[in-house]
Each structure stands twice: as C-alpha cells, then as structure tokens.
1. Under 16 Å Cα-Cα from LYS124, which aspartates and glutamates qualify once same-chain neighbours fewer than 8 residues away are excluded?
2. Give the lysines whose C-alpha is closer than 16 Å to that of LYS143, dropping any in the same chain fewer than 8 places away, or say none.
3. Calculate for the chain the 222 nm mean residue ellipticity that helices alone would give, adding -39,500 (n - 2.57) per DSSP H run of length 4 or more and normalising by residue count, nearest 500 deg cm²/dmol.
4. Calculate how steeply helix 11-63 sits against the longest principal axis of the alpha-carbon atoms of the chain, using the helix alpha-carbon long axis, and give the answer as 0 to 90 degrees to the nearest 10.
5. Between helix 99-156 and the chain, what is the angle of the helix's C-alpha long axis to the longest principal axis, kept within 0 to 90° and rounded to the nearest 10?
6. If you line up the long axis of helix 67-91 against the longest principal axis of the chain, both from Cα atoms, how many degrees apart are they, to the nearest 10?
7. Number of Lys-Lys pairs in region 1-119 under 23 Å by Cα, sequence gap 8 or more or different chains?
8. State, as an integer percentage, the relative contact order of the chain based on alpha-carbon contacts under 8 Å between residues 6 or more apart.
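None of the figures in this text is laboratory data; all of them are computed from the coordinates on show. Keep in mind the model is a prediction, meaning the values are calculated, not measured. When we count neighbours, we look across all protein chains shown, and the Cβ atoms used for this are built from the backbone with ideal geometry, even at glycine.
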Amino acid sequence: MTDEFRDCFVGEKGYDALKKLMRNSNEFCTEIANCLLDRSDAEKVYAKALRKNSDIMQKIAGRTRGTLSNAFTMLATQTNRQSDAHSEMANVLLNDIFTPIKNLADTQNRERRAIEETMNAKFKEWNNQKSNDNKFRSRQFEKSEEIEILYLKLSELPKIGRKHGRDT
C-alpha cells in the first residue's frame, strides 16, 4: 500500500485512489496473462520446429546405416522428447495459468465496472442533493441577514411610533 493511498483513504479522494489501484491491478493481471500467452505461443512454435527437425533426422537415420543411423535415431528421439516437453509446457501455460488469470481479470473488470456505475449514479445523486443543500443554505443565510436588518430597523424606530403603528 503506497503512502498516497494511505493518506487519502477516506472520502472522495479515497474512492478515486481505490479505483485507480483496482484498475492498475487489473491491468497488471491482464499484462501478466498476455505475457504468459506469448510465452505459450513461443513454446508451441519451438515445439513444432523441434518436431520438424526430429522428423528430418529420422529420415536421415533411415538413409544411413550402422552407428550413424543409431546416432541419428537417438538424436531424433531426444529431439522428439524435447518437442513433447515444450508442447506440454505450452499447454500448461495456456490452460493452467493463462486461462485462469485471464478469467479472473475479466471477472474482476466486469464486477468493478458494475460497482463503479452504481457508485457514479449514487455520487451524482449525492452531488445534486449537496448542490440543492448549498443553495438552500445560501438562501437561508440571505434571509437571516434580511431578518437581522429588519430587526435593527425595528429597534431604531421610536417607541411611540411603534405604539401608533400597532393601534392602526
């Protein structure tokens, strides 16, 4: 938790800081998922290249005889195993790591948007009410000043004049 977030945790600033933190975390999660997807794609390409190389070595082993044939067969088998390992690594990265992270990021993003929309609507209502309250307070202050002025004028009138004013 950064000092900035800690300093403005409460109120409107806190909500904006929390929203920013959530968005940054979601973007970070998405970037990690995309990085792992790229790695998975690279592993698939490498596995495909190794398999192709293994097939070529197998063909070469078929055309030669003796220990050279055995060497190329072993090399082709080893390359094929490496290809399988890289292919499995690509599948694990894609299915077991990328997909759950991406699903988590998407779910959090949808939930965050729904919450933000609700909060923005409520915040708009609150701002409108606050604006109305400020208008009424301003009017109340003006009317209070007018009443004070009238009381001052009333107190400045001669007492006799006030009695005659009431009699009529």
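1. LYS124 reaches GLU12, ASP16, GLU116, ASP133.
2. LYS135, LYS153
3. Values: 5 runs with 150 residues, N = 168.
Value at 222 nm, helices only, nearest 500: -32000 deg cm²/dmol.
4. Long axis of 11-63 versus the principal axis of the chain: about 10 degrees.
5. 10 degrees
6. 20 degrees
7. On the way: LYS19/LYS102; LYS20/LYS102; LYS44/LYS52; LYS44/LYS59; LYS44/LYS102; LYS48/LYS59.
So the count of such lysine pairs works out to 6.
8. Numbers: 89 pairs, mean separation 37.6, N = 168.
Reported as a whole number, the value is 22 percent.
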